[in-house]
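Read the structure below first, then the notes.
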Amino acid sequence: MTEHEKIQAVVRIKDQAPLALDPVKSALIVVDMQRYFVRPEYPFARTIEKVMPGATAGYFERVNSTVLGNARHLLATFRSLHLPVIYLAAGCCMEQGRDLPAWMRDFDETGLHLVGERVHPPVNHPSWQIDDAAAPQPGEMVLNKTSSGALASTKLDQTLHNLGVTSLVVCGLTTAVCVTQTARETADRGFRVVVAGDACTEMSVELHEAALLAFAWVFGRVRPTEDIVNFFGFSAAASAV
């Protein structure tokens, strides 16, 4: 057994324990399910395709065949239980993205050079909006961030504490960047965090799996959507007895 296989085995042993989420103090965090991450016609995908043609095809196939449907399943579950749903979005507030960190500005410059447009849209631009396939309902908060993880540039932490939330389910785009970065940050702030492993994806399956394994190794748990939905459904049924 290789070192990597041993670590995978440890994670599998860890996963045998029941989920430690509090079903009545949980919230769903939907990360960057925006049009420019969901659809291939925007500068995000076009820039990557200029560098390496075909690099985004599998990503968009997984987004549309798996991720959006599972995200909607989670949304329906949390809404039916009247649990908080909070959306995150990535975009700039200042002209030419001057409020973005250096790595995001660098990507913007690459987009300008290759396709003539910045990758990261300004807040409220049509491409910045949450995609219609997983859109927020009235009263659901959308927090804009100018960083990969939400806690570096939003009031998410304070909002969750004000709501009395102690447990989080996280889904969205993309796994190795904004999803697990937000999951790690909130785990470090004391929240119990589960990432819905089939309600997020990455540019490659290998990168997606590596990000999930790294998160599960230290910070929290990774579960398929159906397991999470069943957990909350069972908890709701038990509390009604």
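Listing for the model above:
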read-out	value
Hits in region 11-37 (condition: farther than 14 Å from Ala71 by Cβ and among the aliphatic types (A, V, I, L, M))	Val11, Ile13, Ala17, Leu19, Ala20, Leu21, Val24, Ala27
Hits in region 59-69 (condition: surrounded by 23 or more Cβ atoms within 10 Å (Cβ to Cβ) and over 18 Å from Val194 (Cβ atoms))	Tyr59, Val63
Some residue of region 139-161 being within 17 Å of Val30 (Cβ to Cβ) and over 18 Å from the mean Cα position of the chain (by Cα)	yes
Filtered residues of region 123-133 (kept if more than 16 Å from Val67 (Cα to Cα) and either polar (S, T, N, Q) or buried (at least 18 other Cβ atoms within 10 Å of the Cβ) (or both))	Asn124, Ser127, Trp128, Gln129
Check on Val195, crowded, with 17+ Cβ neighbours inside 10 Å, closer than 29 Å to Val123 by Cβ and out of contact with any strand residue (DSSP E or B) (no Cβ under 7 Å at 6 or more places or on another chain)	no
In region 98-118, the residues that are in contact (Cβ under 8 Å) with a residue 24 or more places away in the chain and farther than 24 Å from Val170 by Cα	Asp99, Phe107, Thr110, Gly111, Leu114, Val115, Glu117, Arg118
Unmet requirement for Pro136, which otherwise passes all of (1) buried (at least 19 other Cβ atoms within 10 Å of the Cβ); (2) touching a Phe, Trp or Tyr at 6+ places or on another chain (Cβ under 6 Å); (3) not hydroxyl-bearing (Ser, Thr, Tyr)	(1)
Given (1) under 20 Å from Cys200 (Cα atoms); (2) among the small types (Gly, Ala, Ser); (3) outside any helix (DSSP H, G or I), number of the condition Gly139 does not satisfy	(1)
Count of residues meeting criterion [assigned to a loop (DSSP other than H, G, I, E, B) and surrounded by 14 or more Cβ atoms within 10 Å (Cβ to Cβ)] in region 5-58	12
Lone qualifier among Ser127, Ser65 - being farther than 15 Å from Cys200 by Cβ, of a type in the set (Gly, Ala, Ser), assigned to a helix (DSSP H, G or I) and at pLDDT 95 or above	Ser127
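The values are calculated or read from the model by the stated rules, or taken from the named source; none is laboratory data. Every value quoted in this text rests on a predicted model; they were computed, and no experiment measured them. Cβ sites come from the backbone with ideal geometry, for glycine too, and all protein chains shown count toward neighbours.
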